[in-house]
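Working notes for the structure below.
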Amino acid sequence: MVQMIIMKGQHQPREQAVWMDLIGEALSLRQRTLLESTLARKLLTHLQESDSIDQSSCNLLWEEALQLSGDDWFGLQAGLSMNFSSLPLRALELTAAASADVAAALASLARFFELVSAQARAELTMGPQGASLRLLPIGQPHPQHMQALLGMCARLLESLGQSRQDVLLLLPAEQVLFERRQIAGLRLQGGDGYALQLPRQVLDCPLPDSTPVLLSGITGTLRNLLASMSGTDLVERVRHTMLRLLSTGRLSEVEIAAPMNISTRHLRRLLKQQGASYEQLLDQVRREESLRLLQDSGKSLTSIAYELGFHEPSSFTRAFRRWTGISPSEFRRRQQTSQLAVDACRRIA
């Protein structure tokens, strides 16, 4: 089942760059690598110095990984095999383990889920029948990413001693075919979204590594991590201003610096302190926006070039080849082919 998702809205959540590594690690378990894909290889080259990744690029990496793996459940398997090596994931795992019981661990997971992914938020509800951790997409994340998040949650519960048989995963109905109601020991059920459910009897199970003092300290660390991620930093302010001015013909360092009441020289100095530059950010914004605009088949490549602030369509074509390794027309053709495959799979399902 081929799934190509390109964010159509103006604002895209920016995902943590660690997800590029997580996708790559999951592929390596299958003796495959993203470098086998020309498109993924080009994207990774442009993203290697970034600490975040736009949703469109993240979706494209998931799509290429899906094609390389040949497994509709690649994302779920990636989440189940995830290595909690990054600081936020490791701290979240320790917080869950130090909690008093499974219910408290789930509450911590929901509370700090923003540290896991910027493309979904978690809502926890508890009732007489048990608990439901519902994952609500932000923007248009790739279905494989949502699967990976569910798998990661199941993996976390397993590390706490919970059996996979106790876990029920809810996914959109079109992803759960009749003949596949279980995978990797996890029960699957079709629904209208993504959720993980646990029965009531396991929620009060005490955790063997529960440590109140450790829990307090790690919770404080997670709060600090959340605080450091909140708000819009200088780089994001510049990105948003560039996006707003892109097609106006008024995009310049002067136009970016003026609303901040700083000189262009000071702007460059501040960006350098963040490991960025005006030219680098402009190139990134153009690349991200090009992926979105090419989703609209009603837009000509010429009009897209001008919307991106290029003076000549040929300049856009050269830039896009540098970003992706293929031309804009070839990218659009592959995208349309993917959509036809999605429609065919839905009719079969």
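What follows is calculated from the coordinates using simple rules that are stated; it is not laboratory data. Keep in mind the model is a prediction, meaning the values are calculated, not measured. Positions of Cβ are backbone-derived with ideal geometry, glycine not excepted, and every protein chain shown enters the neighbour counts.
Hey, what number do you get for the chain at 222 nm if only DSSP H runs of n ≥ 4 count, each worth -39500 (n - 2.57), divided across all residues, to the nearest 500?
-16500 deg cm²/dmol
Can you order the peptides 57-64, 245-252 by their average number of other Cβ atoms within 10 Å per residue, highest first?
57-64, 245-252
Calculate one ³J(HN,Hα) per residue across segment 311-323 by plugging θ = phi - 60° into the Karplus curve 6.51 cos²θ - 1.76 cosθ + 1.60, and present them in order as whole Hz with x for glycine and proline.
7, 9, x, 5, 5, 5, 4, 5, 5, 5, 4, 5, 6
In whole Å, what is the distance between the alpha-carbon centres of segment 257-321 and segment 131-199?
Spelled out, the Cα-based centre of one part sits 38 Å from the other.
To the nearest 0.05, what FRET efficiency results for Arg265 and Ser314 with a Förster distance of 51 Å applied to their C-beta separation?
About 0.95, to the nearest 0.05.
Starting from the eigenvalues of the Cα gyration tensor, five times each then square-rooted, give me the equivalent ellipsoid semi-axes of the chain, largest first, whole Å.
Result for the chain: semi-axes of 37, 26, 16 Å.
Calculate the spin-label point distance for Cys205 paired with Glu279, positioning each point 7 Å from the Cα along the beta-carbon direction, and give it in nanometres.
Once both label points are built, they end up 5.7 nm from each other.
Roughly how compact is segment 239-336, stated as its Cα Rg over 2.2 N^0.38 Å to two decimals?
Compared with the compact-globule rule of thumb, segment 239-336 sits at 1.17.
Could you check the spin-label model distance between Glu307 and Glu236? Points 7 Å from the Cα along Cα→Cβ, value in nm.
That separation, rounded to one decimal, is 2.4 nm.
Counting each pair of different Cα atoms once, what's the Kirkwood radius of segment 74-229 in Å, rounded to one decimal?
Mean inverse Cα-Cα distance, inverted, gives 15.7 Å.
With viscosity set to 1.567 mPa s and temperature to 4 °C, compute the Stokes-Einstein D of segment 41-95, Rh being the Kirkwood radius across alpha carbon pairs; µm²/s, no decimals.
99 µm²/s
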